[in-house]
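Heads up: the structure comes next, in structure tokens.
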Amino acid sequence: MLTRCLATGYGVNPWSPVPWPLVPKRMSHRLKPDQYLVLLAVMVCAPLGDSCLKRGMALLPSISLTHPGALIAAVFTPWIALGIALLICFFASYLTALSWADLTFVLPATAFGNVVIELISYFWLHEHVSWQRWVGVFLITAAVGFVAQGPSLTTHPDQLPDQRQAAIPSATEAL
Amino acid sequence: MTGSFAATGPLAATGMIAAIVLTSTAGEVLTAAAMKSIGDLDVIRAHSGLPGAIRAVLSSPLFFAGVFFLALAFFSLLFALNHLNLSLVGPAAASLTVITNSVAAKLFLKENVDRRRWTAAALICIGVYLLAH
């Protein structure tokens, strides 16, 4: 029952017209250009946000747990504030992507953040990147390419794309 | 590898990493289930604006369950980093989470995890491991 609820939203989603699939699930649709932009934001915002946090914290003197107020003050420094803003953008983009794509489709995009960090290290910070790391960059990039060429969403029978689109306006009206 | 376990035993280290992986997977799957039950956020935003989209997300109990487990995963990570080396916890948790997420997505979200996606998960595991070394 739990798996049915998670997969279909039945019992959770009040707009689900059918309680359980009557026909087999299938894979569907390609992404629109603006949806690729959302995935790009997922890939870029998290590593950039982490980098900003790291840079901001490095500029501050050592913070002790006996003075937790210093951590609060750190939030308002420019680099850390920028890092938090970027991480909020990441989470919003991630949630948006999960609303129209499978978790296993979005996962490689989040993993690509590791590649972005390596590229920042090499091209911006001029750090040495070993050949093992370049192989890692290549493998994750290949994984993203693999998944991006396939369908983005598994359609369950109670969530066929046309039905789903039709259900959403009534859902928002209910809000 | 044994140096990573210096302060704790391998069993405790395995337990800590397992806690991170399991809570993280539960959080990701519940969040994904919440977003699927809400529907396409782009369409909701186009129809009701950003406040409507935020309201739709915040009205989902599954979303809060997901965030709760993601918070547990974060604190599990902090706890593990207090006892184990980052070079062990980071790649182990990151790569195992990719696999458990794929399994959980197939089992609980009924996603069609085809050969293409399994291959990608395996490549990411190896890639994350190589990036950490």
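No value in this document is a laboratory result; all are computed from the given coordinates. Every value quoted in this text rests on a predicted model; they were computed, and no experiment measured them. Cβ atoms come from the backbone with ideal geometry, glycine included; neighbour counts cover every protein chain shown.
Cut-off is 10 Å between beta-carbons; in what order do A:His67, B:His83 appear when sorted fewest neighbours first? Walk me through the numbers before you get to the answer.
Working: A:His67 9, B:His83 15.
In increasing order of surrounding Cβ atoms, one gets A:His67, B:His83.
What does the net charge come to around B:Ala105 if you take all other residues with beta carbon closer than 10 Å to its beta carbon, with K and R at +1 and D and E at -1? Before the final figure, lay out the partial values.
Working: positive: B:Lys106, B:Lys110, B:Arg117; negative: A:Asp102, B:Glu28, B:Glu111.
For residues surrounding B:Ala105, the net value is 0.
For the stretch A:31-154, take every pair of Cα atoms, bin their distances at 5 Å starting from 0, and report each bin as a whole percent.
Result returned by the calculation: 2, 11, 17, 18, 16, 14, 11, 7, 3, 1, 0.
So for A:Asp34, A:Asp102, fewest C-beta neighbours within 10 Å to most, what's the order?
Details: A:Asp34 8, A:Asp102 25.
The order, fewest Cβ neighbours first, is A:Asp34, A:Asp102.
Based solely on its DSSP helices, what 222 nm [θ] is calculated for chain B when runs of n ≥ 4 H residues each add -39,500 (n - 2.57) and the sum is averaged over all residues, nearest 500 deg cm²/dmol? Can you show the working numbers first?
Details: 5 runs with 109 residues, N = 133.
Calculated at 222 nm, the ellipticity per residue is -28500 deg cm²/dmol.
For the stretch A:31-154, what relative contact order do you get, as a whole percent, if you take Cα pairs closer than 8 Å and at least 6 residues apart?
On the way: 112 pairs, mean separation 40.5, N = 124.
Rounded, it is 33 percent for the stretch A:31-154.
Counting only other residues whose beta carbon sits under 12 Å from that of A:Ser93, what net charge do I get with K and R as +1, D and E as -1? Walk me through the intermediate numbers first.
Working: positive: none; negative: A:Asp34, B:Asp42.
That sum, taken over residues with Cβ under 12 Å, equals -2.
Please list, short to long, the whole-number percent of alpha-carbon pairs of chain B in consecutive 5 angstrom bins beginning at zero.
Histogramming chain B at 5 Å steps yields 2, 10, 16, 17, 17, 14, 11, 7, 3, 2, 1, 0 percent.
For A:Ser62 and B:Phe75, FRET efficiency with R0 = 22 Å and r from the beta-carbon atoms, rounded to 0.05? Intermediate results must be reported in sequence, preceding the final value.
Values: r = 22 Å, r/R0 = 1.02.
Using R0 = 22 Å, I get an efficiency of 0.45.
Is the shape of the stretch A:79-120 rounded, prolate or oblate, going by the alpha carbon gyration tensor and its root eigenvalues a ≥ b ≥ c, with a/c under 1.5 for rounded and a/b larger than b/c for prolate? Could you put the intermediate results ahead of the total?
Details: a/c = 4.49, a/b = 1.31, b/c = 3.42.
Since a/c reaches 1.5 but b/c is at least a/b, the shape of the stretch A:79-120 is classed as oblate.
Expressed as a rounded percentage, what relative contact order does chain B have, with Cα pairs under 8 Å and six or more residues apart? Provide the component values of the computation, followed by the final result.
On the way: 132 pairs, mean separation 44.4, N = 133.
Once normalised by length, the contact order is 33 percent.
What ranking do B:Ser37, A:Ser93, B:Ser48 get, fewest neighbouring Cβ atoms within 10 angstrom at the top? Before the final figure, lay out each step's value.
Working: B:Ser37 27, A:Ser93 22, B:Ser48 19.
By the 10 Å Cβ count, ascending, the order reads B:Ser48, A:Ser93, B:Ser37.
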